[in-house]
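Where a number appears in this text, it was derived from the coordinates with a stated rule and is not lab data. Quick caveat: nothing in here was measured; it's all calculated off a predicted structure. No Cβ is skipped: glycine too gets one built from the backbone with ideal geometry, and neighbour counts run over all protein chains shown.
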Amino acid sequence: MDFLYAETTIAATISYILMIVAFKLSHIRKFHISVMSACMIFDLLMPFYLYLNRDWYGRLIEGGEILNFLIWMHIGLVITVFILYFMQIIAGRKILAGEASRDDHSAQGKGILLARFIMILTGALLYEAEKVA
């Protein structure tokens, strides 16, 4: 199943590009909300997919990579992005209700784009090619 690593990185990169497009086209409200929501759902489901399709015990415990700084940095970025998503959803709902300005929402969006870029980069750096016997 190691051959799937490249596909997950490519899928994450494509979703990131879609997120940038939706950020730039925020004035098209339905497009913006639907693409951003889809990207958030993609990111929320990715850990479950990876858990079901990777030998985490073998790599982290038996392979001794549990102490790898890059893995912990990636996990920290995942948690950061999820927290930013939560804050972004709250800010977006307030904008739709007419209770908040778009400046905070836009600033949070830029933070999400930066954190998500680094998260995808660290995920790609953790790529381990299939070992050929």
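Take 110, 30 and order them by how many other Cβ atoms sit within 10 Å, fewest up front. Don't skip to the answer; put the middle values down first.
Numbers: 110 10, 30 7.
Taking fewest neighbouring Cβ atoms as first place, the list is 30, 110.
Out of the stretch 31-133, which chymotrypsin sites (Phe, Trp or Tyr not before Pro) are coil in DSSP terms and have no more than 13 other C-beta atoms within 10 Å?
On the way: sites: 31, 42, 48, 49, 51, 56, 57, 69, 72, 82, 85, 86, 117, 127; in loops: 127.
Listed in order of number, the matching sites are 127.
Full extension from residue 53 to residue 34: what is 0.36 nm times the residue separation minus their Cα-Cα distance, to one decimal in nm?
Numbers: separation 19, 0.36 × 19 = 6.84 nm, distance 2.75 nm.
Computed gain between residue 53 and residue 34 is 4.1 nm.
Taking the Cα of residue 10, stepping 7 Å toward and past its beta carbon, and measuring to each backbone N in the stretch 106-127: which are under 16 Å?
Taking a point 7 Å out along Cα→Cβ of residue 10, the residues of the stretch 106-127 whose backbone N falls under 16 Å are 124, 127.
On full extension of the chain, what length is gained from residue 27 through residue 41, given 0.36 nm per residue of separation minus the C-alpha to C-alpha distance?
Values: separation 14, 0.36 × 14 = 5.04 nm, distance 2.16 nm.
Gain in length upon complete extension: 2.9 nm.
Under 20 Å from a point 7 Å along the Cα-to-Cβ line of residue 72: which residues of the stretch 36-66 have their amide N that close?
What the label zone holds, given the 20 Å backbone N cut-off, is 56-66.
Between residue 96 and residue 117, what FRET efficiency comes out of the Förster formula 1/(1 + (r/R0)^6) with R0 = 22 Å and r the beta carbon distance, rounded to 0.05?
Calculated value: 0.25.
Note the angle between two axes, namely the Cα long axis of helix 102-125 and the longest principal axis of the Cα atoms of the chain, as a number of degrees from 0 to 90, rounded to the nearest 10.
10
Run lengths n ≥ 4 of DSSP H only: what is the helix-derived mean residue ellipticity at 222 nm for the chain, with -39500 (n - 2.57) per run over all residues, to the nearest 500? Before the final figure, lay out each step's value.
Numbers: 4 runs with 98 residues, N = 133.
Helix-only estimate at 222 nm: -26000 deg cm²/dmol.
In whole percent, what relative contact order does the chain give with Cα contacts below 8 Å and a gap of six or more residues?
Numbers: 78 pairs, mean separation 49.8, N = 133.
Once divided by the residue count of the chain, the mean separation gives 37 percent.
From the P(r) of the chain, could you give the percentage of C-alpha pairs in the tail past 17 Å? List each step's numbers first, then the result.
Working: 5420 of 8778 pairs.
So the pairs more than 17 Å apart make up 62 percent of the total in the chain.
Which angle from 0 to 90°, rounded to the nearest 10, does the C-alpha axis of helix 4-24 make with the longest principal axis of the chain?
For 4-24 against the chain, the angle is about 10 degrees.
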